[in-house]
1. For the stretch 159-181, state whether one or more residues are open to solvent by 10 Å² or more (accessible area, probe 1.4 Å), among the polar types (S, T, N, Q), modelled with pLDDT of 95 or more and within 30 Å of Ala76 (Cα to Cα).
2. List every residue pair whose Cβ atoms sit under 7 Å apart, with the two residues 6 or more apart in sequence or on different chains, where the first one lies in the stretch 166-180 and is more than 16 Å from Arg152 (Cα to Cα) and the second, anywhere, is open to solvent by 30 Å² or more (accessible area, probe 1.4 Å) and among the aromatic types (Phe, Trp, Tyr).
3. Given the conditions (1) open to solvent by less than 50 Å² (accessible area, probe 1.4 Å); (2) over 22 Å from Asn184 (Cα atoms); (3) touching a His at 6+ places or on another chain (Cβ under 7 Å), report the number of the one that Lys261 does not fulfil.
4. Among the acidic types (Asp, Glu) and either modelled with pLDDT under 95 or open to solvent by less than 20 Å² (accessible area, probe 1.4 Å) (or both), is that true of Asp352?
5. Search the stretch 219-246 for residues being in contact with a Phe, Trp or Tyr (Cβ under 7 Å, 6 or more places away or on another chain) and assigned to a loop (DSSP other than H, G, I, E, B), and hand back the single one that is surrounded by the fewest Cβ atoms within 10 Å (Cβ to Cβ).
6. Just for helices (runs of 4 or more DSSP H) wholly inside the stretch 99-204: which have at least 1 residues that are more than 30 Å from Ala247 (Cβ to Cβ)?
7. Could you please find all residues in the stretch 373-383 being in contact (Cβ under 8 Å) with a residue 12 or more places away in the chain and open to solvent by 20 Å² or more (accessible area, probe 1.4 Å)?
8. Being open to solvent by 20 Å² or more (accessible area, probe 1.4 Å), assigned to a strand (DSSP E or B) and in contact (Cβ under 8 Å) with a residue 24 or more places away in the chain is the filter here; which residues of the stretch 37-64 pass it?
Amino acid sequence: MPESPARHGWAAKPQEVETMAEHPHYLLRSEFPRLLSALASAGYRCVGPRIRDGAIVYEPISGVDELPKGVHDRQAPGQYGLEQTDEPRFFAWANGPQALRPLTFAGRDKLWSAERKPDGSIDFKSGPPEAEPVAVIGARACDLAALYIYDRHFMQSAYPDPWYTARRQKLFLVAVHCTHPSLNCFCASTGDGPRATYGYDLALSELDEGFLIEARSEKGERILATLPVREASAEQIETADREIEDAGRRQVKGVPSRNLKDVLFARLDHPRWNEVAQRCLSCTNCTLVCPTCFCHSENDVTSLDGTRSEHYREWDSCFTQRHSYIHGITIRPDTRTRYRQWLTHKVGSWHDQFGRSGCVGCGRCITWCPVGIDITEELAAICR
């Protein structure tokens with residue numbers, strides 16, 4: 001079983017780290033639209049997986065006909081593709097380029113604005129916008145694990161972030177246990193999947209004829225109470241459990257250990273850093289698709305007449321030159337030092353910050369790297 005968030009001091013209730021409920025409910029596939037209707041009636045805007053530009057992304061949905069029915073993804077280092085089948089399932093794929101990050105830590109946020117009035121006084125405004133309730137359909141275990149890391153950083157630190165908190169508190173999370181891992185998935189080795197064990201309101205196990213459904217929050221219980229569910233049979237529970245367990249066994253990639261801090265920092269001069277730097281383009285793709293990266297920059301936008309200024313926070317990456325630019329000096333001047341910083345921080349010094357690695361095994365950085373750099377191969381070579 002994946003390590004529970006409670007073990008690391010996260011704000012998790014005991015019931016959020018259990019596996020499948022003793023008597024889960026069963027929802028027929030023909031009744032699945034009732035779940036979306038119930039969430040909409042409760043005031044949530046539903047966001048779910050849709051196909052756009054050849055990839056599965058999270059976007060607003062109004063009905064189940066917009067979900068990727070019968071779609072499988074094919075992933076390999078530097079490769080991603082979709083194929084259509086006649087199968088009835090909506091969630092028979094691993095993941096797309098997004099995670100839950102855009103729904104909580106926006107790509108661009110206006111933090112404050114200042115305007116000079118005619119009398120010379122300054123009108124200063126700051127504060128997060130009003131967040132709307134959003135229900136996410138199809139959240140995966142790896143992304144729920146990443147969300148807990150975000151919660152520790154943005155909500156449970158000494159200085160909580162109001163923008164993140166406003167959005168996070170309005171999320172309703174419908175998890176789906178994974179049954180179709182990609183060639184790049186390795187969440188079983190990091191302890192973060194393929195079964196979702198915490199951090200959700202409702203969780204689904206998809207079968208051909210319907211869904212096993214369980215609640216892990218009061219919000220989830222209220223929605224579940226409105227659905228035409230029945231008690232799941234022993235055969236249905238056994239089939240769902242077997243598919244999830246098989247998904248973990250089919251993963252061919254993995255990390256050498258869940259805590260590589262000491263060995264990585266002992267090998268900062270390993271020749272592999274030079275080898276990977278010769279392939280890396282410093283394109284920032286890995287950090288943009290990573291569900292746990294939160295590097296950002298802050299910029300001011302002023303009006304042409306100088307009477308108004310707006311201050312924005314925007315996604316950034318440790319692979320850019322300006323990210324380590326301080327007082328005329330670039331601390332990490334080349335790709336070698338930038339890649340080393342990313343990897344040693346992600347799976348090394350994150351243990352000091354959050355009590356665990358920053359890698360949740362989703363494999364996105366492998367899939368969306370233009371040259372197919374594989375983080376599991378790099379870790380194996382450096383830590384061998």
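The values are calculated or read from the model by the stated rules, or taken from the named source; none is laboratory data. All figures in this text were calculated on a predicted structure; none of them were measured in a lab. Reconstructed Cβ throughout: ideal geometry from the backbone, glycine too, with neighbour counts over all protein chains shown. Remember, those area values only see protein heavy atoms, side chains included, never the ligands or the DNA or RNA. Shrake-Rupley method; radii C 1.70, N 1.55, O 1.52, S 1.80 Å.
1. yes
2. As it stands, the answer is Phe172/Tyr44, since those pairs meet every condition given.
3. (1)
4. When the stated conditions are applied, Asp352 passes them.
5. Only one residue tops the list, namely Val229.
6. Per the criteria, 162-168.
7. The answer is Ala380, Cys383.
8. Matches in the stretch 37-64: Arg45, Ile51, Tyr58.
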